[in-house]
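The values are calculated or read from the model by the stated rules, or taken from the named source; none is laboratory data. Quick caveat: nothing in here was measured; it's all calculated off a predicted structure. For neighbour counting, all protein chains shown are included, and Cβ atoms are generated from backbone atoms with ideal geometry for every residue, glycine included. What goes into the accessible areas is simple: the full protein's heavy atoms, side chains included, and nothing from ligands, DNA or RNA. Shrake-Rupley method; radii C 1.70, N 1.55, O 1.52, S 1.80 Å.
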Amino acid sequence: MKQTILTGLQSSGDLHIGNYFGAMKPFLDLYNDKKDSANFYLMVADYHALTSVRDREALKASIYNTVRDYLAVGVDPEQVTLFRQSDNPDHTEMGWVLNCMVTVPFLMLAHSYKDKVAKGLEANAGLFTYPMLMAADILLYGTDLVPVGEDQRQHLEYTREAVAKFNNAYGEVLKEPKELILEAVGVVPGTDGAKMSKSYKNTIPLFGSREDIQKAVMSIVTDSTGDRPENVYAIHKLFRTEAELETLYTENAGKYKNLKEALIEDIDAFIEPMRAKRAAISDDDVKGVLAEGARKAKLVSNDMLGRVRDVIGITI
Ligand code: ADP
Ligand code: TRP
């Protein structure tokens, strides 16, 4: 029996190399490692995005961009079922069933809701029931493993709680999934040495032009003492082996400009094939991939939802 591995993505603007090494690459490594022994599902969580996005064009663009990003970094839609949540209404229906299994006080403890409220932000009812839509995403496919970042661990606990409540009432219908916390390369530092993050404006864009990369690298903060600019080195390590860097940094001790130029070359050479691939993906290509993904996803989720409808007494 093949394992089922599923994850979902909410897009969050232009990707940077921190997102790549922190989230996309660990997913790709897992995929390359397990593609013969597992079925992979990659879902664009556009209805989850609606809990926070109120701009029509922004939501549309983020759907296209998320799919394009993943295709460009090497996800093969022939091997991975790449689809979006809103294309398969089984998710919202299953989400409703699961909402009926859990209590309000339980949902009030979810970080996704609690953190917003703590910040004084307005929480809509969709945000409140967010964990049960995510549980539906996972449970409809009999998922075994869910690769996610640490911040999503609690949502997997919520999913298991929904399974327990459901199965307790109706028998062993839903499968209990496990989280697989992706091992990031550690924190990728930004141009100022702090964590690279779009909120800090210290990013090196993943699909930026050579000029974008140049601008970002040249802005890396270097202290004027010492032979080795640590902030440059810390980013360079992602693109070259330590042995290679040892030689380069010894030969160019104190020559910060040379080292930055070498880093620009290395980042550009790394990104160029992905950038070219991404540029060649049209909106119609994205639509084609999503249509085929939705078709494949529904074949599986319809089955599970059918069983759920049957055991709860909705099928008459
Ligand atoms: P940002 O901080 O730019 O808003 P997100 O919070 O949207 O990034 O993160 C998306 C994914 O990328 C998460 O899985 C996160 O762990 C990963 N990630 C973001 N920044 C970094 C970084 N500097 N180093 C490693 N991983 C990162
Ligand atoms: N909540 C996840 C996030 O914000 C995205 C997501 C939605 C997801 N549905 C999922 C992740 C199902 C894994 C499985 O990152």
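Quick one: putting +1 on the C-beta of Lys and Arg, -1 on the C-beta of Asp and Glu, what dipole do you get for segment 79-139 around its Cα centre, in Debye to the nearest 20?
Result for segment 79-139 is approximately 260 debye, rounded to the nearest 20.
Which of Ile271, Thr7, His111 sits farthest toward the positive end of the charge dipole of the chain, with +1 on the Cβ of Lys and Arg and -1 on the Cβ of Asp and Glu?
His111
Among the lysines, which have Cα under 21 Å from the Cα of Lys296 when same-chain residues fewer than 8 positions away are ignored?
By straight Cα distance, Lys296 reaches Lys2, Lys34, Lys35, Lys175, Lys287.
With only Lys, Arg, Asp and Glu charged, each at its Cβ (+1 for the first two, -1 for the last two), find how big the charge dipole of segment 208-278 is about the Cα centre; round to the nearest 20 debye.
I would put it at about 320 debye.
Once the piece of chain linking Thr225 and Asn168 is laid out straight, how much longer is it, given 0.36 nm per residue of separation minus the C-alpha distance between them?
14.0 nm
If you count only protein heavy atoms and use a 1.4 Å probe, how large is the accessible surface of Phe106, to the nearest 10 Å²?
About 50 Å², rounded to the nearest 10.
Compute the distance from the alpha-carbon center of segment 286-316 to that of segment 103-119, in whole Å.
That distance is 29 Å.
With a 1.4 Å probe and every protein chain kept in, tell me what percent of the accessible surface of segment 208-278 is carbon plus sulfur.
Ligands and nucleic acids excluded, carbon and sulfur give 50 percent.
Please calculate how many Å² of accessible area the chain carries per residue, with a 1.4 Å probe and no DNA, RNA or ligand atoms counted.
50 Å²
In whole percent, what relative contact order does segment 208-278 give with Cα contacts below 8 Å and a gap of six or more residues?
Across segment 208-278, relative contact order equals 38 percent.
Mind jotting down the distance between the C-alpha centroids of segment 180-238 and segment 75-95, whole Å?
Distance between centres, Cα-based: 34 Å.
If I fit a long axis through the Cα atoms of helix 56-72 and take the longest principal axis of the Cα atoms of the chain, what angle between them do I get, 0 to 90°, rounded to 10?
70 degrees
Please say if segment 164-316 is rounded, prolate or oblate, where rounded means a/c under 1.5 for a ≥ b ≥ c the square roots of the C-alpha gyration tensor eigenvalues, and otherwise the choice is prolate for a/b larger than b/c and oblate otherwise?
In terms of gyration-tensor shape, prolate.
With every protein chain in place, what's the accessible area of Val53 (1.4 Å probe, Å², nearest 10)?
Surface accessible to solvent at Val53 totals approximately 40 Å².
Rounded to the nearest 5, what % of the DSSP beta bridges within the chain are antiparallel ones?
Of all bridge pairs located within the chain, approximately 10 percent are antiparallel.
Rounded to the nearest 20 Debye, what is the dipole magnitude of segment 51-178 about its Cα centre when Lys and Arg each give +1 and Asp and Glu each give -1 at the C-beta?
380 debye
Taking the Cα of Asn124, stepping 7 Å toward and past its beta carbon, and measuring to each backbone N in segment 44-77: which are under 17 Å?
Residues 45-63 fall inside that zone.
Does the chain come out rounded, prolate or oblate by the C-alpha gyration tensor, with a ≥ b ≥ c the root eigenvalues, rounded set by a/c under 1.5 and, if not, prolate when a/b is larger than b/c and oblate if not?
Verdict is prolate for the chain.
Mind running the shape call on segment 19-150? Use the C-alpha gyration tensor, a ≥ b ≥ c as the square roots of the eigenvalues: rounded below 1.5 for a/c, prolate if a/b tops b/c, oblate otherwise.
It is prolate, given that a/c is not under 1.5 and a/b is the larger ratio.
Using a Förster distance of 30 Å, how high is the FRET efficiency between Lys237 and Gln79, based on the Cβ-Cβ distance and rounded to 0.05?
For Lys237 and Gln79, the calculated efficiency is 0.50.
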